1. Treat every Asp and Glu Cβ in region 11-98 as -1 and every Lys and Arg Cβ as +1, leave all other atoms uncharged, and give the resulting dipole magnitude about the Cα centre to the nearest 20 debye.
2. Which chymotrypsin sites (Phe, Trp or Tyr not before Pro) in region 46-97 pass both tests, a DSSP loop state and at most 14 other beta-carbon atoms within 10 Å?
3. Count the net charge of all other residues whose Cβ sits under 14 Å from the Cβ of HIS77, scoring Lys and Arg as +1 and Asp and Glu as -1.
4. LEU35's amide H: which non-local residues (gap 5+, or another chain) put their own amide H closer than 5 Å, with H modeled 1.01 Å from N in plane and none for Pro or chain starts?
5. Over region 11-98, with every protein chain in place, what whole percent of the accessible area is carbon and sulfur at 1.4 Å, could you tell me?
6. Once the other residues with Cβ under 15 Å from the Cβ of SER30 are scored (Lys, Arg +1; Asp, Glu -1), what is the net sum?
7. Please give me the summed charge of the neighbours of LEU43: other residues whose Cβ is under 14 Å from its Cβ, Lys and Arg +1, Asp and Glu -1.
8. For region 11-98, report the accessible area per residue in Å² (1.4 Å probe, heavy atoms, rounded to an integer).
Amino acid sequence: MDKEQDVYYSTEFLNPPGMPPHMLNLKVGSSIMLLRNLDPPNLCKGTRLCVSKLMANIIQATILTGNNKGMSVFIPHIPLIPSDMPFEFKLFQFPVRLAFAITINKAQV
């Protein structure tokens, strides 16, 4: 993208639909939900985790539900490339979202 073009696009393009939020404020002990399959069957989409340690490019977390309950895992930054944008860019984000509330389907796991 040219430097002249950056004034034409607002900050709404930082958070396209279907992507994790571009601003993620986590603390140790917060409950998070995984948004992508990273290491099936241990780390599948919808797995609930508790943040144990925050590092620059990795989150250390403990699995809260399922067969691997209590297992410590690492969640890295992953590159996400949206395809429905008028320009091409790559986001490095954690594939997680804060889990304040979950649906009943996720609670049955």
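1. Values: 8 positive and 4 negative charges, 83 e Å.
Around 400 debye, computed over region 11-98.
2. Working: sites: PHE74, PHE87, PHE89, PHE92; in loops: PHE87, PHE89.
Of the chymotrypsin sites (Phe, Trp or Tyr not before Pro), the ones in loops of region 46-97 whose Cβ has at most 14 other Cβ atoms within 10 Å are PHE87, PHE89.
3. Numbers: positive: ARG36, LYS90; negative: none.
Once all neighbours under 14 Å are counted, the net charge is +2.
4. Close amide H contacts, sequence-distant or interchain: GLY46, VAL96, ARG97.
5. Looking at region 11-98 in its full context, I get 55 percent from C and S.
6. Details: positive: LYS27, ARG48, LYS53, ARG97; negative: none.
Taking every other residue near SER30 into account, the sum is +4.
7. On the way: positive: ARG36, LYS45, ARG48, LYS69; negative: ASP39.
So the environment of LEU43 carries a net charge of +3.
8. On the way: 5320 Å² over 88 residues.
Ligands and nucleic acids excluded, the result is 60 Å² per residue.
The values are calculated or read from the model by the stated rules, or taken from the named source; none is laboratory data. Everything numeric in this text was worked out from a predicted model, so none of it was measured. In this analysis, Cβ positions are derived from the backbone assuming ideal geometry, glycine residues included, and neighbour counts consider all displayed protein chains. These area figures cover heavy atoms from the full protein model, side chains too; ligands, DNA and RNA do not enter into them. Shrake-Rupley method; radii C 1.70, N 1.55, O 1.52, S 1.80 Å.
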